[in-house]
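What follows is a set of notes on a single structure, which appears directly below.
The values are calculated or read from the model by the stated rules, or taken from the named source; none is laboratory data. What you see is a predicted model, and the numbers here were worked out from it, not measured in a lab. Neighbour counts run over all protein chains shown; Cβ positions are idealised from the backbone, glycine included. The area values use the complete protein model at the heavy-atom level, side chains included, leaving out ligands, DNA and RNA. Shrake-Rupley method; radii C 1.70, N 1.55, O 1.52, S 1.80 Å.
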Amino acid sequence: MNADDTVTWEEILERTTETVGDRVVARWLCERASGEDGAAFAAIADDVVAARQGLALEVMVRRVLAGEPVQYALGRWAFRRLDLLVDRRVLIPRPETESIVDIVAGEIDGLVSGAVVVDLGTGSGAIGLSILDEFAGRDLEVWMTDVSSDALDVARANAAGLGRPAAGARFATGSWWDALPARVAGSVRVAVANPPYIAMDDPEVDASVRDWEPAAALFADDHGLADIAAILDGATTWLAPGGLLVVEHGHRQASAAIDLARRAGLIETATRRDLAGRDRFLVGRRAA
């Protein structure tokens, strides 16, 4: 993997592909090391790789070969329109979670200036910051909460990278609704959450997920439903009348989530599917 004085990016891409066994991953790593993406990387194919760039690439390749998810090795990952900082303090943003923003889009588009939106268990800030980015003209107050102060540090860094659209970002440390200031109780127009929903003994969890991503953001008691239940229990206290809640859950948990939502007093409960056509999201409202 060591670059000599004459190796080009085209050549080192071929070497990296042979080493990691995946050309797409190799391209991501080379782009990260070069500082150029897409067409810009293609334009430097014949440029000689600088020593520091070759070293950075070598370090990332070693991490991937050791089993670390490529997203952490890269130190960033895309979510909708955002390029987010990600590391082992937060979950890797998944494509299916992007659908939450689509689900709430119509609701958010109709909100008045200064309306309160909440992203419970924000992690990297992916959902909350996407809402701020895509609805920048709405002047929303978006609260992003997490029980992990380390995760909130990542979210704050991503907010700084977003720039001006993040002016409405607010951060609070704590468990679900309890993290929020009392003044927003009963005034939350939209709340979203991607909580831990994997059962502790779930045999389907990929080894790389179990070994590398933060367990506290993945696993929950009561067959994966404990945190979903906690969010639903507080929903009618914190949502505004008619306010919308969207919660991501496991693809086999739809029926249980609907039952919990109805017991918690939510109305208009329904299940929405993810990009793969699996039951993935609970939606419900506080009664008007």
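Here are some notes:
- Expected 222 nm ellipticity per residue - DSSP helices of 4 or more, -39500 (n - 2.57), all of the chain, to 500: -12000 deg cm²/dmol
- For the chain, built as a Gaussian network whose Cα springs stay under 10 Å, the top-fluctuating residue of 100, 108, 44: 44
- Placing pseudo-labels 7 Å out from each Cα toward the beta carbon at residue 272 and residue 50 gives an inter-label distance of 4.4 nm.
- Carbon/sulfur fraction of accessible area - the chain, other protein chains in place, 1.4 Å, %: 48
- Antiparallel bridges, percent of DSSP beta bridges restricted to the chain (to nearest 5): 40
- The GNM of the chain, with springs linking C-alpha atoms under 10 angstrom apart, assigns the highest mean-square fluctuation among 59, 190, 70 to 59.
- Cα centroid of region 116-131 to Cα centroid of region 222-279, whole Å: 17
- The gain in end-to-end length when the residue 156 to residue 226 segment is fully stretched comes to 22.5 nm, 0.36 nm per residue minus the alpha carbon separation.
- GNM flexibility winner over the chain from 35, 234, 123 (Cα, springs under 10 Å): 35
- Remark: region 172-288 carries 46 Å² of accessible area per residue (probe radius 1.4 Å; ligands, DNA and RNA excluded).
- In terms of its Cα atoms, the chain spans 68, 44, 32 Å along the principal axes, sorted from long to short.
- Residues of region 67-110: accessible area per residue with a 1.4 Å probe, Å²: 40
- These residues, 285, 170, 164, go from largest to smallest accessible area, 1.4 Å probe, as 164, 170, 285.
- Using the Cβ-Cβ distance between residue 139 and residue 102 with R0 set to 22 Å, the FRET efficiency from 1/(1 + (r/R0)^6) comes to roughly 0.55.
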